[in-house]
Amino acid sequence: MRLDHIAHPCRDPHETHRFYHDVLGLKLVQAYGSQELMLVYELSAGGSLAFTSSDSAASAADQASWERHHVGLTVATQEEFNSWLERLKKHGIRHRLVEDERIYFSDPNGLVLEIEVASPAASNPAAAEVLARWRK
């Protein structure tokens, strides 16, 4: 298992971009936008930081907090993923299985963890354009 990403909500995606891109020098590798904008910044040693911003308070309230604020972990194979799912069940850990590909659960302190099978993350050359079109 390895750390894949840390997801965190942001209030202002443009200010977030200025900080992580201009100040820290991280590359924006993915951006997805509709009712919610997600920005993904690549870390040089592997993994990423992901930030989400909603265009309305209602949309933000509707989305589960564990999707917006969590630590993402990856495993190498589907078999390892299934083993983790069984382990959580065996220990009575409450969890949520999403689309049979992601497991969300929390530690005793409330830190939400996500486990998924590793897959190559392609860089999106249009990520900056997606951010530019997002409401200011």
For segment 2-133, percent of DSSP beta bridges that are antiparallel (nearest 5) comes out at 75 percent
Looking only at V98, V112, V75, which one moves most when the chain is put into a Gaussian network model with springs between Cα atoms under 10 Å? V98
Point-to-point label distance, L97-S44, nm (Cα→Cβ direction, 7 Å offset): 4.1 nm
Stretched fully, the stretch from V23 through Q35 gains (0.36 nm per residue minus C-alpha distance, one decimal, in nm) 1.6 nm
For the chain, what is the mean residue ellipticity at 222 nm derived from helices alone (per DSSP H run of n ≥ 4: -39500 (n - 2.57); sum divided by total residues; nearest 500 deg cm²/dmol)? -6500 deg cm²/dmol
Let me test this: with uniform point scatterers at the alpha carbons of the chain, what is the Debye-based log₁₀ I(q)/I(0) at q = 0.10 1/Å? -0.36
So, relative contact order of segment 2-133 in percent, Cα under 8 Å, 6 or more apart, is 29 percent
Highest-MSF residue in the chain out of E116, E42, E79 [GNM, Cα springs under 10 Å]: E79
Among E67, E99, E15, the residue with the largest mean-square fluctuation in a Gaussian network model of the chain built from Cα contacts under 10 Å is E99
Report, to the nearest 10°, how far helix 78-90 tilts away from the longest principal axis of the Cα atoms in the chain, using its own Cα long axis and a range of 0 to 90°. 60 degrees
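Coordinate-derived values only; no laboratory data. Predicted model only: the values in this text are computed from it and were never measured. A quick note on method: Cβ atoms are made from the backbone with ideal geometry, for glycine too, and the neighbour counts reach across all protein chains shown.
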